[in-house]
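None of the figures in this text is laboratory data; all of them are computed from the coordinates on show. Predicted, not measured: the structure shown is a model, and the values here were computed from it. Here Cβ is always computed from backbone atoms with ideal geometry, including for glycine, and neighbour counts include all displayed protein chains.
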Amino acid sequence: MSLVALRLLLAPALVVAASLAARRWGPRAAGVAAGIPIVAGPILLVVALDHGPRFGGGVARAALLGIVGSAAFAVAYSHVAGRAGWPPALLAGWVSFAAVAVVVATVAVPVGLALPLTLAGVFLARQALPRSGGAVPEPRRPAWDLWLRALSAAVLVLVVTGLAATLGERATGALAPFPVAASVLSVFTHAQYGASAVIALLHSMLLYFGAFAAFCFALAVALPPLGTAAGFAVALGALALVATGLAAGARRAAL
């Protein structure tokens, strides 16, 4: 698969798959998809293939701390969503992400320190979310729904990967966790199901940011010495292990 195909097809296809899962199992399933790197993973892969594993490892290290920006997106979106429609909620979320990304792009944090800082930031963000509740209405699904979701994801991925060479490691890493899937899934969930459903989605998303952080940490550590293929294999293994543990914990908590 060429790099152009990766940019144009992989992330949008994963966003569509997440959307279909949400239709089958509800907004929390969409939150799981938004919480794991279905878009950041392809972005980091394209960057590593384009610029080499050492550059890719530096981007992954910055992306680890950049997850806090996506957590800030969730907090801002959820609080505005309860009082307004999706456009102001999305704007608030993007502004919050950008504020954190600017900080991440200007500081160098060792990967061993970035991991606990990120996990602490995600934990605090999850505590700051409003509680979800209330009835979820029957969704309104226009015929162009999935096509627009895929197009939105493709445009955002193209922008982020296209800027990589110009921005450098830290700035690219700060942008890699840009909430592409979270934005697309949150907006469509908000518009079709209402604020309560999107808050449930964001709660689920933040829970699985622990697996996202494990993926970025493993990639930052493994990519430079092992190369792209082996580095991503290690990172995907860490992602699967942590995501499985989080899913098991969520099931026990629900009993």
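Figures for the structure shown
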{"item": "In Hz, Karplus ³J(HN,Hα) per residue of region 204-213 (6.51, -1.76, 1.60; θ = phi - 60°; x = Gly, Pro)", "result": "5, 4, 5, 4, 7, 5, x, 5, 4, 5"}
{"item": "Two-site label geometry, L124 and R251: point separation in nm, points 7 Å out along Cα→Cβ", "result": "3.4 nm"}
{"item": "D50/V95 FRET efficiency (R0 30 Å; Cβ-Cβ; nearest 0.05)", "result": "0.55"}
{"item": "Among 241-247, 76-82, 178-184, the order from most to least packed when residues are scored by Cβ within 10 Å on average", "result": "178-184, 76-82, 241-247"}
{"item": "For region 104-116, 3J(HN,Hα) per residue [Karplus equation, 6.51 cos²θ - 1.76 cosθ + 1.60, θ = phi - 60°, Hz, x = Gly/Pro]", "result": "4, 5, 10, 10, 10, 10, x, 4, x, 8, 4, 5, x"}
{"item": "Gain upon complete extension [R131, T166; 0.36 nm per residue less C-alpha separation]", "result": "8.5 nm"}
